[in-house]
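Sharing a structure here in structure tokens format.
The values are calculated or read from the model by the stated rules, or taken from the named source; none is laboratory data. Because the structure is a prediction, the values reported are computed rather than measured. In this analysis, Cβ positions are derived from the backbone assuming ideal geometry, glycine residues included, and neighbour counts consider all displayed protein chains. Heads up: the accessible areas ignore ligands, DNA and RNA and are worked out on the full protein's heavy atoms, side chains in. Shrake-Rupley method; radii C 1.70, N 1.55, O 1.52, S 1.80 Å.
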Amino acid sequence: MKRTEYDAEGLRDEAAKAVAESPYTQTDVADQLDVSRTSVNRAVNTTNPKFEKLRQRIVEHLRGGRVEKRVTFVHVEDE
């Protein structure tokens, strides 16, 4: 089992790469995921967090496997 961790920008980059390397156009991917082509375009070309779930769906659809969102909190104390 291969595991890769992404930050928000890394997930966007992976979604964009998945679309670019697939035999499908953005329109094809949009039709397969039942969303608009504009949404797919924005998901792969902008950093808007609104499209995070769609980026997850794109990567899962085109790369297989699943993308899980994990939230980490870090407490930093002043020295």
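Taking the criterion of being open to solvent by 70 Å² or more (accessible area, probe 1.4 Å), over 30 Å from PHE73 (Cβ atoms) and not in a loop (DSSP other than H, G, I, E, B), would at least one residue in region 25-35 satisfy it? Before the answer, list the steps.
Kept after step one, since they are open to solvent by 70 Å² or more (accessible area, probe 1.4 Å), are these residues of region 25-35: 25, 31-32, 34.
Narrowing the set further to residues that are over 30 Å from PHE73 (Cβ atoms) leaves 25, 31-32, 34.
Those left that are additionally not in a loop (DSSP other than H, G, I, E, B): 31-32.
Among the residues of region 25-35, at least one is open to solvent by 70 Å² or more (accessible area, probe 1.4 Å), over 30 Å from PHE73 (Cβ atoms) and not in a loop (DSSP other than H, G, I, E, B), which makes the answer yes.
Looking at region 34-49, which of its residues are under 13 Å from the mean Cα position of the chain (by Cα) and either among the aromatic types (Phe, Trp, Tyr) or modelled with pLDDT of 95 or more (or both)? Give the steps one after another, and end with the answer.
Of the residues in region 34-49, the ones under 13 Å from the mean Cα position of the chain (by Cα) are 39-49.
Across region 34-49, the qualifying residues are SER39, VAL40, ASN41, ARG42, ALA43, VAL44, ASN45, THR46.
Go through the residues of region 48-60 one by one and say whether even a single one is in a loop (DSSP other than H, G, I, E, B) and in contact (Cβ under 8 Å) with a residue 12 or more places away in the chain.
Here is the first cut: in region 48-60, the residues in a loop (DSSP other than H, G, I, E, B) are 48.
The next check asks that each one be in contact (Cβ under 8 Å) with a residue 12 or more places away in the chain; those that pass are none.
The answer is no; no qualifying residue exists.
So ALA20 passes all but one of these: (1) in a helix (DSSP H, G or I); (2) surrounded by 12 or more Cβ atoms within 10 Å (Cβ to Cβ). Which condition number does it fail?
(2)
Residue-by-condition table, conditions (1) acidic (Asp, Glu); (2) in contact with a helix residue (DSSP H, G or I) (Cβ under 8 Å, 6 or more places away or on another chain):
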residue: ASP7; (1), (2): yes, no
residue: GLY10; (1), (2): no, no
residue: GLU14; (1), (2): yes, yes
residue: VAL19; (1), (2): no, yes
residue: THR25; (1), (2): no, no
residue: GLN32; (1), (2): no, yes
residue: VAL35; (1), (2): no, yes
residue: ASN45; (1), (2): no, yes
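Where residues in region 1-17 are aliphatic (A, V, I, L, M) and assigned to a helix (DSSP H, G or I), which of them is nearest to VAL67 (Cα to Cα)? So that I can check it myself, show each step before the final result.
Going residue by residue through region 1-17, those that are aliphatic (A, V, I, L, M) are 1, 8, 11, 15-16.
Adding the requirement that they be assigned to a helix (DSSP H, G or I) leaves 8, 11, 15-16.
On the way: ALA8: 12, LEU11: 9, ALA15: 11, ALA16: 15 Å.
Step by step, filter region 1-17, then rank; the result is LEU11.
Can you name the number of the only condition in (1) open to solvent by 50 Å² or more (accessible area, probe 1.4 Å); (2) part of a loop (DSSP other than H, G, I, E, B); (3) under 17 Å from THR4 (Cβ atoms) that VAL67 fails?
(1)
In addition: Specify the residue that is farthest from SER39 (Cα to Cα); the eligible residues are those in region 51-79 that are hydrophobic (A, V, I, L, M, F, W, C) and at pLDDT 90 or above. Even if it seems obvious, please write down each step before you answer.
Within region 51-79, the first condition is being hydrophobic (A, V, I, L, M, F, W, C), and the residues that meet it are 51, 54, 58-59, 62, 67, 71, 73-74, 76.
So of that shortlist, the ones also at pLDDT 90 or above come out as 51, 54, 58-59, 62, 67.
On the way: PHE51: 8, LEU54: 8, ILE58: 11, VAL59: 14, LEU62: 16, VAL67: 19 Å.
Looking at residues that are hydrophobic (A, V, I, L, M, F, W, C) and at pLDDT 90 or above, I get VAL67.
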